[in-house]
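Here's the structure, in structure tokens; my notes come after.
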There are 2 protein chains.
Amino acid sequence: VSAENMDKPHMVTCTAPVNIAVIKYWGKRNEELILPINSSLSVTLHQDQLKTTTTVATSRSFEEDRIWLNGKEEDISHPRIQSCLREIRRLARKRRNDGDPGLDSATLSHKVHICSVNNFPTAAGLASSAAGFACLVYTLARVFGVEGELSVIARQGSGSACRSMYGGFVQWIMGLQDDGKDSLAQQVEPETHWPELRILVLVASAARKSVGSTSGMQTSVQSSCLLKHRADSVVSGRMVEMIEAVRKKDFPAFAELTMKDSNQFHATCLDTYPPIFYLNSVSQQVINLVHRYNQHYGETRVAYSFDAGPNAVIFTLQKHVSEFVQVVQHFFPPETNGEDFFKGLAVNRVSLSDELKQGIGLEPMPKGINYIISTKAGPGPCVVKDPTQHLLTSDGLPKKTV
Amino acid sequence: VSAENMDKPHMVTCTAPVNIAVIKYWGKRNEELILPINSSLSVTLHQDQLKTTTTVATSRSFEEDRIWLNGKEEDISHPRIQSCLREIRRLARKRRNDGDPGLDSATLSHKVHICSVNNFPTAAGLASSAAGFACLVYTLARVFGVEGELSVIARQGSGSACRSMYGGFVQWIMGLQDDGKDSLAQQVEPETHWPELRILVLVASAARKSVGSTSGMQTSVQSSCLLKHRADSVVSGRMVEMIEAVRKKDFPAFAELTMKDSNQFHATCLDTYPPIFYLNSVSQQVINLVHRYNQHYGETRVAYSFDAGPNAVIFTLQKHVSEFVQVVQHFFPPETNGEDFFKGLAVNRVSLSDELKQGIGLEPMPKGINYIISTKAGPGPCVVKDPTQHLLTSDGLPKKTV
């Protein structure tokens, strides 16, 4: 190994997905370790539409750990980033001490440069921290040659990040131990399990930023007796029901439980003191629209779920996507009917019957929704093999295009 | 008694108040008897601002029972009206059979004409059925010479009507018996107890009619596990706390519990499937405004409560009314700054400091609130002695002015 090669950074680039919980996580029993008060279950969204890409480089020439997020250098001393770095390095040391021959011993003492970008605007309000921390942990693990249970580390970056460590349908088992070692993610079914399932993200028109989820869930845990009841007595039964619905691909059961759990999460936000509102008038109208659409057909064809913001995530089956997307466009007429309204997987254009429009019978809400991203369940984090895709130059600094 | 006098109707006119619950009633365990799943507590509003007036006439010349509500004849066969008529006549028969000498035996066999009006627009969305049924039962009782526990009868007209049978601070004890005889209202403190307490009704701009409370609470009882938990495990403790706060005139304790209980009620509506939304964007903004106002002063000066609609009921103390009303006008600028915006008890005009406006820091929401009714706690139902105030003519038909 020449001196030149010794200075050239060791570099790995990976991508990781966003996930959307259908049994919601809200509330920690341990703030530092990020241990939740209840288990949760999510669907991993496909990275063709929504993903984080992260490059991690190590070099003996780097003088300090550094991080760039979406083109801007950020403070690496952020406690949650430090938790992930510390835990990965601890595992790497453990492997070296256990005598793993494949481990590059020098790398462990090197500083890292981290560069991360999302392929979707942060302003879209699509909880990007889950994809971000999953990608960070997955990439660091590859760089340091660490294998095994990584979701417990991702969890310490951002709770829901542990679920982004797997594709398809993923549960985060709350665990019982004080040290959090049993609070981890497990794949329930892979992304290939339910190919008919489709997901639409309805990006609501920019609203003021509401209460952040970290401080919001703290206030909820402190003040909402309904949240305590939910965590203690409701969620465990719902986890069993949801896993069964997913396994059986029982759309009506999956859809109804998804809607009920989203509503119950927002109910506990309203029971928080002072109350937290994440659903605005557009969200309420999407909820009304979904129920009226289902009622019109006398079956549950579509479900909604809302996280800590006004955007709706819609679940439906492939055969209903075209019509429902048209329904959304009809009741939330966009500024222009251009193609900008539809992003992601191609959707056929259909026309709506007057009977359906009248059956729904809501007052259209112009410009309530900015655009729709059409996607589906997708795989977990991946390594990007093409070296031209690295986000850092051989000097270990972000490429200009980032 | 001459034949002419025999035909002249026996006529009584009474008034009854609206009440606003601070521990909310939502959900019945018996639909027909109107037995609630939890106790509740309310403040009776003063009749100078909001009241129902009812005249009941009996005459041997009337051929059938008839009823006019707000100038329009309605179907007397409505089950809840029939419940009240039946129960009052049963009590009257019981008294006659028990040999009460003061009872006009003839009256019992006569038909009744009932005429009822509110001094506030129904469109204001101020649960008028409580005042209406309280007034009906109170007036019928006077006509038939019935005394004693009338709140159990008013309860069978409209649950919350039982609380309008008393002035001041009133609890509706849920009771345990299947026949409902122990599900009744009791005065906790009279209206004179807390003279500094002031109440503002913020009438939100007319929204579409949402789910009615009767069917809404049915759906909630069937589908919301959070409502069940609230009724089984939360409300009884809150009743004790609320009665203590009222007895001690502890405004911060009263105010915080009032807000928490309103929020919890609306949380159970959101946990209902399909979910019920009574709070619109104006309601959410009033809630934000109240919390920011209290936060600005570092003490709880103002509280909100919302029933099954978007109107806010504000509780505060006399010394804060002028400023808070001005704050509402500032953040919900009315169409014109005319006097039409302020109704009820006179409110001094003050000017707001820039510090306060900036401290609250909300975006004003023009025309969000139509008007404010300023009122206070008031007495229970009263007899109107002035015969010119009867709503029926000596023929037993509504006066033209009704």
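The values are calculated or read from the model by the stated rules, or taken from the named source; none is laboratory data. As the structure is a computational prediction, the values presented were derived from the model and not from experiment. Using ideal geometry, Cβ is built from the backbone for each residue, glycine included, and neighbour counts are taken over all protein chains shown.
The set of residues from region B:348-362 being assigned to a loop (DSSP other than H, G, I, E, B), under 22 Å from residue B:287 (Cβ atoms) and within 32 Å of the chain's Cα centre (by Cα) comprises just one member, B:362. Among all positions in region A:296-303, there is at least one residue which is among the hydrophobic types (A, V, I, L, M, F, W, C) and at pLDDT 95 or above. Only one of the numbered conditions (1) in the same structural domain as residue B:50 (by TED's automatic domain parsing); (2) within 27 Å of residue A:226 (Cβ to Cβ); (3) crowded, with 19+ Cβ neighbours inside 10 Å is violated by residue B:220, and that is (1). Can you tell me which residues in region A:292-307 are more than 22 Å from residue A:342 (Cα to Cα) and crowded, with 19+ Cβ neighbours inside 10 Å? If the condition is that a residue be more than 22 Å from residue A:342 (Cα to Cα) and crowded, with 19+ Cβ neighbours inside 10 Å, then A:294, A:300 are the ones that fit.
If you go through region A:255-306 and keep only what is among the basic types (Lys, Arg) and within 17 Å of residue B:268 (Cα to Cα), you end up with just A:260.
Is there a residue in region B:387-396 that is buried (at least 16 other Cβ atoms within 10 Å of the Cβ) and on the phi > 0 side of the Ramachandran plot? Yes, the conditions are met somewhere in region B:387-396.
Looking only at region A:279-309, count how many residues are part of a loop (DSSP other than H, G, I, E, B) and within 9 Å of another protein chain (Cβ to nearest Cβ).
Narrowing region A:279-309 to residues part of a loop (DSSP other than H, G, I, E, B): A:279-280, A:298-301, A:306-309.
Subsequent filtering for residues that are within 9 Å of another protein chain (Cβ to nearest Cβ) retains A:279-280.
Final tally of qualifying residues: 2.
Cβ-Cβ contacts under 6 Å between residues 6 or more apart (or on different chains), taken from a first residue in region B:170-183 that is free of Cβ contacts under 8 Å to residues at least 12 places away in the same chain to a second residue that is part of a loop (DSSP other than H, G, I, E, B), are listed as B:182/B:175. Of all the strands (runs of 3 or more DSSP E) wholly in region A:16-103, which have at least 1 residues that are touching an Asp or Glu at 6+ places or on another chain (Cβ under 7 Å), basic (Lys, Arg) and surrounded by 22 or more Cβ atoms within 10 Å (Cβ to Cβ)? It comes to none.
The residues listed here are B:116, B:128; of these, the one that is touching a Phe, Trp or Tyr at 6+ places or on another chain (Cβ under 8 Å), buried (at least 24 other Cβ atoms within 10 Å of the Cβ) and touching a residue at least 60 places away in the same chain (Cβ under 8 Å) is B:116.
Of these, B:268, B:300, B:258, which one is under 25 Å from residue A:285 (Cα atoms) and in contact (Cβ under 8 Å) with a residue 12 or more places away in the chain?
Working: B:300 fails: under 25 Å from residue A:285 (Cα atoms); B:258 fails: under 25 Å from residue A:285 (Cα atoms).
Being under 25 Å from residue A:285 (Cα atoms) and in contact (Cβ under 8 Å) with a residue 12 or more places away in the chain holds for just one of B:268, B:300, B:258, which is B:268.
Being surrounded by fewer than 23 Cβ atoms within 10 Å (Cβ to Cβ) and not hydrophobic (A, V, I, L, M, F, W, C) is the filter; apply it to region A:308-329 and report the residue that is nearest to the chain's Cα centre (by Cα). Selected residue: A:309. Would you check if residue B:203 is crowded, with 21+ Cβ neighbours inside 10 Å and away from chain A (no Cβ under 14 Å)? Answer is yes for this residue. Within region B:369-376, identify whether any single residue is surrounded by 12 or more Cβ atoms within 10 Å (Cβ to Cβ), in contact with a Pro (Cβ under 9 Å, 6 or more places away or on another chain) and either among the basic types (Lys, Arg) or in the same structural domain as residue B:150 (by TED's automatic domain parsing) (or both), and answer yes or no. Checked region B:369-376: at least one residue is surrounded by 12 or more Cβ atoms within 10 Å (Cβ to Cβ), in contact with a Pro (Cβ under 9 Å, 6 or more places away or on another chain) and either among the basic types (Lys, Arg) or in the same structural domain as residue B:150 (by TED's automatic domain parsing) (or both).
Quick one: in region A:233-250, of everything that is surrounded by fewer than 16 Cβ atoms within 10 Å (Cβ to Cβ) and in contact (Cβ under 8 Å) with a residue 24 or more places away in the chain, which residue is nearest to residue B:281 (Cα to Cα)? Going through the qualifying residues, I end up with A:236. Considering region A:330-347, and only residues there that are assigned to a helix (DSSP H, G or I) and modelled with pLDDT of 95 or more, the residue that is surrounded by the most Cβ atoms within 10 Å (Cβ to Cβ) turns out to be A:331. Taking the criterion of being of a type in the set (Ser, Thr, Tyr) and within 17 Å of residue A:273 (Cβ to Cβ), would at least one residue in region B:241-261 satisfy it? Taking every residue of region B:241-261 in turn, at least one turns out to be of a type in the set (Ser, Thr, Tyr) and within 17 Å of residue A:273 (Cβ to Cβ).
Only a single criterion out of (1) part of a loop (DSSP other than H, G, I, E, B); (2) modelled with pLDDT under 95 is not satisfied by residue B:176, namely (2).
In this structure, does residue B:218 turn out to be within 30 Å of residue A:265 (Cα to Cα) and more than 14 Å from chain A (Cβ to nearest Cβ)? So that I can check it myself, show each step before the final result.
On the way: within 30 Å of residue A:265 (Cα to Cα): yes; more than 14 Å from chain A (Cβ to nearest Cβ): yes.
Here the answer is yes, as residue B:218 does meet what is asked.
When B:260, B:319 are checked against the criterion of being away from every other protein chain (no Cβ under 11 Å) and of a type in the set (D, E, K, R), B:319 stands alone in meeting it.
Residues in region A:171-200 that are within 23 Å of residue A:13 (Cβ to Cβ) and surrounded by 24 or more Cβ atoms within 10 Å (Cβ to Cβ): A:185 alone.
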